Amino acid sequence: MVFLSQIYTKSGDAGQTGLGDGSRVAKTHARVVAFGAVDELNSVLGLVRTAALPEPIDGWLFRIQNDLFDVGADLCVPESSGDEQPEHPPLRVTSQQVSWLEACIDEINEGLEPLTSFVLPGGSPASAWMHVARTVCRRAEIAVWMLKELEPVNDEVVRYLNRLSDLLFVLGQHCNDLGRSSVLWVPGANRDA
């Protein structure tokens, strides 16, 4: 259980922050950048959910917002390097969470119009917000990959973010009348205009 009695601590005023294992790192550390990007994604999903979304999509996004806190918690606690197990094992993202995203993608994709070109973000407000969330998700995934180049990271975290960006793409299509009202890219359309 999480208990927050005081919101400000002043402990970060010198440019450092605490990780879940009690260590302190610079606020510019790749780990902090990664879980900060995941937090930003979660906030964008909160905005997406203010659009008129049909069920089960709103429920899915609510579940994903909770899962993104799991992703942040996973990233907040560095992987242990030894055989020693901590007294309280850290929360880690699981393959079941990734599989659930894949099932959602398959369910939504089944009813979509086939794509004949790349999609321009836009259409309905809900679709436009899905595309904003998708791009923020891709940026979060990149931040995690940058961290992974420096330190061990749970592989399920990167899989989760990769599948989530795919799900947000197909949800954007779904919110544009199953893709029928999506705006498609026309390569070179304005070169001679």
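The set of residues from the stretch 137-161 being closer than 30 Å to Arg180 by Cβ and touching an Asp or Glu at 6+ places or on another chain (Cβ under 6 Å) comprises just one member, Leu161.
Residues in the stretch 150-176 that are in contact (Cβ under 8 Å) with a residue 24 or more places away in the chain and either assigned to a loop (DSSP other than H, G, I, E, B) or loosely packed, with under 14 Cβ neighbours inside 10 Å (or both): 7 in all.
With the requirement that a residue be among the aliphatic types (A, V, I, L, M) and either at pLDDT below 90 or under 25 Å from Gly72 (Cβ atoms) (or both), what does the stretch 127-138 give you?
Residues satisfying the conditions are Met130, Val132, Ala133, Val136.
The set of residues in the stretch 180-193 being surrounded by fewer than 22 Cβ atoms within 10 Å (Cβ to Cβ) and either among the small types (Gly, Ala, Ser) or over 24 Å from Ser127 (Cα atoms) (or both) consists of Ser181, Gly188, Ala189, Asn190, Arg191, Asp192, Ala193. Here are some conditions: (1) among the small types (Gly, Ala, Ser); (2) within 14 Å of the chain's Cα centre (by Cα); (3) exposed (fewer than 15 other Cβ atoms within 10 Å of the Cβ). Ser99 meets all but one. Which one does it not meet? With (1) among the small types (Gly, Ala, Ser); (2) within 14 Å of the chain's Cα centre (by Cα); (3) exposed (fewer than 15 other Cβ atoms within 10 Å of the Cβ) applied to Ser99, the lone miss is (2). Only one of the numbered conditions (1) outside any helix (DSSP H, G or I); (2) surrounded by 13 or more Cβ atoms within 10 Å (Cβ to Cβ) is violated by Thr116, and that is (2).
The values are calculated or read from the model by the stated rules, or taken from the named source; none is laboratory data. Only a predicted model underlies this, so the values are computations on that prediction, with no experimental measurement involved. A quick note on method: Cβ atoms are made from the backbone with ideal geometry, for glycine too, and the neighbour counts reach across all protein chains shown.
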